[in-house]
Structures are given as C-alpha cells and as structure tokens.
Amino acid sequence: MDQEKGMSSDGGFGARPPPYNTQDYGQNTYTGMGYQVGQGNIAVVSPPPTYNLQATDGGAQDYDPSPEYTGGCEDSVFSDRSIRRGFIRKVYLTLMVQLLVTVGIICVFLYWESLREWTSETPWFTYSMMPASFVLILVLACCDNLRRKVPLNFITLGLFTIVEGLMLGSLAVFFEAEAVMWAVGATALVSFSLSLFAMQSKWDFTAKSGCLWVFAWTLVSFGLLCAIHRSQYLYIVYACLGTLLFSLYLVFDTQLILGGKNRKYQISPEEYVYAALTLYLDIVNLFLLLLQLISLCR
C-alpha cells in the first residue's frame with residue numbers, strides 16, 4: 001500500500017531527494033538552466049550561452065551564439081608587410097622598364113648619325129617635347145583616378161616615358177657621347193647607393209619635406225642669378241647644389257615608398273604609378289645635372 005502511494009505520488013520512481021539548500025554549499029552565482037531526466041531524477045545543468053544581440057528591421061532581437069574569430073595583430077602585421085613588399089616590387093619593376101626605355105632612346109639619338117644631325121638642326125623638336133612632358137606630369141600627378149585605373153595608368157606612364165626619352169635624347173645630341181655615357185654611369189651609381197642608404201638608414205627624411213621645399217626654391221632663385229651673371233663657376237656650383245637637392249629627394253621618395261614604423265609618412269600601396277613617377281623624375285634630374293657638371297669640368 002505504501003509503495004502504491006509512493007508510486008502514484010512520485011510517478012513510480014520512489015521518494016524524491018531532499019531539496020537543495022544553498023546555505024549548506026555556499027552561494028552559487030551560476031545562472032544556467034537545470035532540469036531532471038531519467039530514473040532517479042538525475043539533475044543535468046547546462047552552462048549559460050553567450051548571445052550577440054542584433055536588432056532586426058522589425059525591432060526584434062536576433063540571437064547569434066556563434067563566436068567571432070580574429071587573426072590578431074600578427075596576421076594584420078604580416079598582411080601589411082606582404083602588401084608593402086608587393087607594392088615595392090611593382091614600383092621598382094616599373095621604374096626599371098622606364099629607365100631601360102629612356103636609355104635606349106638616348107643611345108639611338110647618340111649613335112644614329114642622321115637622327116643626330118636632324119635633331120641638332122631642328123631645335124623646335126626639343127622645345128615641343130618639353131611642354132608635352134610637363135603636361136603629362138601634371139596629368140599623372142593631379143588625376144588620381146587616372147593613375148589608379150588599369151590600364152590607363154600604364155598607358156599614360158608609358159607615353160610619358162617615351163616623350164621624356166625623346167626630350168632627353170634631343171638634349172643629349174648637344175653633348176659628347178662619352179660625357180653622356182659617363183653621366184649615365186654616374187647616375188646609376190649614385191641612385192643605387194642612395195637607395196641602399198635610404199633602406200638602411202634610421203634617419204627619417206620623410207619628416208623633412210618642408211626643408212627640401214625651401215632648398216628647392218632657393219636653388220630656383222640661384223638659377224635665376226646664374227642666368228643673369230653668366231659664369232662657368234656659378235654653373236658648376238649650381239650643378240653641385242642641384243645634384244645634392246635631387247639626391248636628398250631620391251632618399252626622401254625612397255623612404256616614402258618603403259614605409260615602416262620609423263617613417264612619419266608613406267605612400268599608399270595603390271599609388272605605385274605615382275611612386276614610380278617620382279623616382280623616375282628624381283633620377284632624370286640627377287642625370288641632367290651630372291651631365292652638366294661633367295661637361296663643364298671637361
């Protein structure tokens with residue numbers, strides 16, 4: 001009879017265990033869900049899930065219990081470095097192609113006698129290449145949408161390289177071929193040395209843009225003075241100062257391209273055409289000033 005009463009009141013599983021007293025076991029701050037299953041009323045406790053509450057369009061909250069995983073700082077740093085290395089490779093590959101095309105055009109003007117004679121007798125060709133080159137520089141420097149859009153950026157840069165090569169070739173015919181080759185070799189040596197210095201140096205030249213700008217305008221004023229007072233010694237001093245200025249600009253632009261934690265400024269990886277253009281112009285100006293210096297000292 002007692003068993004039948006127990007089975008009828010407890011569902012056939014005997015007497016229930018005594019109730020849980022928090023004073024006997026201490027205060028539990030757990031807020032999960034507890035329920036009983038199976039014979040013997042075994043208590044099963046589930047941990048409380050964590051939810052990301054996101055409001056939907058209807059105002060209800062969407063529960064997303066899945067965790068979010070991030071790669072951490074190491075993955076982001078590795079990604080930035082890999083992007084920067086790809087950007088540097090692209091810039092220097094483009095620059096190498098530009099320089100090879102330019103040197104090839106200069107050699108054609110120097111060693112093709114009929115073209116050399118025609119160029120020396122028609123100065124309008126040189127004067128027409130100068131404004132064309134200047135206009136293309138302005139287009140590449142000011143139109144950021146153009147220099148970021150493939151293949152228009154490479155087409156414009158290639159056109160500028162050809163025009164600049166024609167201008168340099170038409171100028172080179174007024175110098176001796178030996179002096180031009182010496183200037184080419186000196187430019188290559190100086191550019192390579194300064195690039196290595198910019199890579200290894202801990203000095204931040206990117207923070208000295210204002211000083212370089214002042215130096216450039218001072219050199220422009222000195223050039224006007226040299227045009228008024230025609231003197232070979234003033235020309236030599238002007239060529240030396242100009243070589244120093246564009247050597248500093250080559251280091252400055254190289255550090256902008258390389259970037260790094262020690263650099264105050266750096267060029268965006270999307271601006272590979274602009275970066276190649278700046279390095280190319282620095283090297284071209286170095287070549288012209290070294291050519292002038294060599295021809296004056298011979």
Go over the candidates LEU286, LEU296 one by one and state the one that is of a type outside the set (Val, Ile, Thr) and buried (at least 21 other Cβ atoms within 10 Å of the Cβ). LEU286
Is it the case that the range 211-234 has a residue that's in a helix (DSSP H, G or I) and either touching a strand residue (DSSP E or B) at 6+ places or on another chain (Cβ under 8 Å) or closer than 20 Å to ARG85 by Cβ (or both)? no
Name every residue in the range 239-251 that is in contact with a Phe, Trp or Tyr (Cβ under 7 Å, 6 or more places away or on another chain) and crowded, with 21+ Cβ neighbours inside 10 Å, in order of residue number. VAL251
Regarding the range 267-277, can at least one residue be identified that is part of a helix (DSSP H, G or I), at pLDDT 90 or above, within 14 Å of PHE192 (Cα to Cα) and in contact with a Ser or Thr (Cβ under 7 Å, 6 or more places away or on another chain)? no
Starting from residues that are touching a residue at least 40 places away in the same chain (Cβ under 8 Å) and among the polar types (S, T, N, Q), keep the ones in the range 170-216 and report whichever is surrounded by the most Cβ atoms within 10 Å (Cβ to Cβ). SER170
Residue check: is ARG263 part of a loop (DSSP other than H, G, I, E, B), modelled with pLDDT under 85 and farther than 18 Å from ARG84 by Cα? no
Give, as residue ranges, the helices (runs of 4 or more DSSP H) completely inside the range 108-186 that count at least 1 residues that are under 29 Å from the mean Cα position of the chain (by Cα) and modelled with pLDDT of 90 or more. 123-142, 152-172
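The values are calculated or read from the model by the stated rules, or taken from the named source; none is laboratory data. Worth saying up front: this structure is predicted, and the values here are computed from it rather than measured. Reconstructed Cβ throughout: ideal geometry from the backbone, glycine too, with neighbour counts over all protein chains shown.
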